[in-house]
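No lab work stands behind these numbers, since they all come straight from the coordinates. Just so it is clear, the structure is predicted and the values come from calculations on it, not from any experiment.
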Amino acid sequence: MSDLWKNKDGTPSKRATGPWAEGRGKPQGIGKRWRGWYVGDDGKPRTKDCRTEAEAEAWSNTERGKVVTNVWVSPDVGTDTFRAVAEEWFKIKQGAQRKPKTLVGYRSILDTLVLPKWGDTPIKEISYGGLSSWIASLSVDGSVAGTALSASRIRQTHQLMGAVFKYAVKAGLASKNIAAEISPRNDLPEAPETEQHYLTHAQLIQLASETGRFETMTLVLGYCGLRFGEASALRRKDIGNKEITVRNSATYVQGQGIVETATKTKRTRRVPVPAPVWERLKAELPADADAFVFPSRKRGHLPLGEYRWAFDNAVKAAQAAAEAKREEETATTGEASTPSFPTITPHDLRHTCASLAISAGANVKVIQHMLGHATASMTLDLYGHLMSDDLAGVAEALGEAMKAAQKAA
């Protein structure tokens, strides 16, 4: 501790005024009397002037304790603007070989939402209250046009800010992750649950027949569970005997066109092809090993839009046929037995594949591998409710096995 009202030799310093012992028996001087100090991990001495010796000593001991226990944070940390830190983080993501579409998504959120608001703010000045208030406002006037952002977009924005703060803390550019204090469960809007649709075998076959030149591709999507981008990237060399090797995925990236990258899990997988589908696929395979299995009209990567046009028209045709049959059944028997054909997207063919595989008795690990999920828990989260529908059948099968064992005994 240093007494600022005294020189080292004990004589009054320039801060001292009047007789040294004057005033209720205590020395008098200008300003705070006691100066605490410590040396940080960066080797720089730091000081703080306090009113009393006890305050100075307590502050010094606290800061020294932080240094010793490796929890000390330099007061200089956080002076960088959020923009500077975010750009450093983004460069690292570029170097980490993130998919082009993912990087474009990051860039979009940064440039349209985050940086216009927080770009010039020193990262240490972003408070929990300010950040949570801004995120809450996104559901009201989140875009430049003043229209509300979707719940999923708000969650993506929070996730990105959390990632930037996490990097800043690890890099010593921020003392704590403010975004992590915002609870996704309690503080962010819930994204609406997307309804999954599952076709029956008859519905899938009918739909495929309505898609014209994409009939085989539709059957592959519905019976092999490939993502559209994976099917679009398939080449002749990826097709074996009743088996498809999924190596890559083709995705449209704004400003770059269709880009081929590794699969979502960055893993190659082999998917079996049911015999009836294989017979169609085998007959249509190109001779060139590098040729696309399902090409566009220009023989390149098939854009989703080109397939979607045929797919959507096929859905409308299947719906019209189903409704006509239902009307006929109602007129004849007073009740329609044919199910209505749902409004679906190409991704619902993947759900259909899972549903049909579960009905055929496939277990979780088989479905996980077929669909290319990273974990079995992901498969259960998506399709566990379909498996519970088969519990009665499992109990019945166990009962029959038990009866057979009892008879044999």
message = I'd like the orientation of helix 215-224 relative to the chain: the angle between its Cα long axis and the longest Cα principal axis, in ° from 0 to 90, rounded to 10.
response = 60 degrees
Rounded tilt (10° steps) of 100-109 against the dominant C-alpha axis of the chain = 50 degrees
remark   = Taking only C-alpha positions in region 348-408, Rg and Dmax in angstrom work out to 14.2, 46
inquiry  = List the residues, sorted by chain then number, that are 5 or more residues from LYS6 or on another chain and whose placed amide H is less than 5 Å from its amide H.
reply    = SER13
task = With an 8 Å cut-off on Cα pairs and a minimum separation of 6 or more residues, tell me the relative contact order of the chain in percent.
result = 11 percent
ask   = When only C-alpha pairs under 8 Å and at least 6 residues apart count, what is the relative contact order of region 274-353, in percent?
value = 18 percent
query = Can you list the residues, at least 5 places off or on another chain, whose amide H is less than 5 Å from the amide H of SER175, using H built in the peptide plane?
reply = none
ask   = Can you list the HN-Hα couplings for region 297-311, worked out from phi with the Karplus curve (6.51, -1.76, 1.60; θ = phi - 60°), rounded to whole Hz and with x for Gly and Pro?
value = 4, 8, 6, x, 4, 7, x, 4, x, 5, 6, 4, 4, 5, 5
task = Counting only C-alpha contacts under 8 Å and six or more residues apart, can you give the relative contact order of region 201-333 as a whole percent?
result = 28 percent
query = Along region 330-345, what does the Karplus equation 6.51 cos²θ - 1.76 cosθ + 1.60 (θ = phi - 60°) give for ³J(HN,Hα), rounded to whole Hz, x for Gly and Pro?
reply = 5, 5, 7, 10, x, 8, 8, 9, 6, x, 5, 8, x, 7, 10, 10
remark   = Distribution output for region 288-409: share of Cα-Cα pairs per 10 Å bin in percent, first bin at 0, values 10, 22, 27, 25, 11, 4, 1
remark   = Whole-Hz Karplus couplings 3J(HN,Hα) for region 280-293, θ = phi - 60° and coefficients 6.51, -1.76, 1.60, Gly and Pro as x, run 5, 5, 4, 5, 9, 5, x, 7, 5, 4, 9, 6, 5, 6
Estimated translational D of region 201-333 in µm²/s (Stokes, Kirkwood radius over Cα pairs; 25 °C; 0.890 mPa s) = 154 µm²/s
ask   = Can you list the lysines whose alpha carbon is less than 21 Å from that of LYS325, not counting same-chain residues fewer than 8 positions off?
value = LYS316
query = Gap in Å between the Cα centre of region 239-260 and the Cα centre of region 150-169?
reply = 29 Å
request  = Give the long-range amide H neighbours of GLU243: residues separated by 5 or more places, or on another chain, with amide H under 5 Å away, using H modelled in the peptide plane at 1.01 Å from N.
outcome  = VAL273
ask   = LYS170: which lysines have alpha carbons under 24 Å from its alpha carbon, excluding same-chain residues fewer than 8 sequence positions away?
value = LYS44, LYS66, LYS91, LYS93, LYS99, LYS117, LYS124
Tilt relative to the chain, helix 391-408 - C-alpha long axis, 0 to 90 degrees, to 10 = 60 degrees
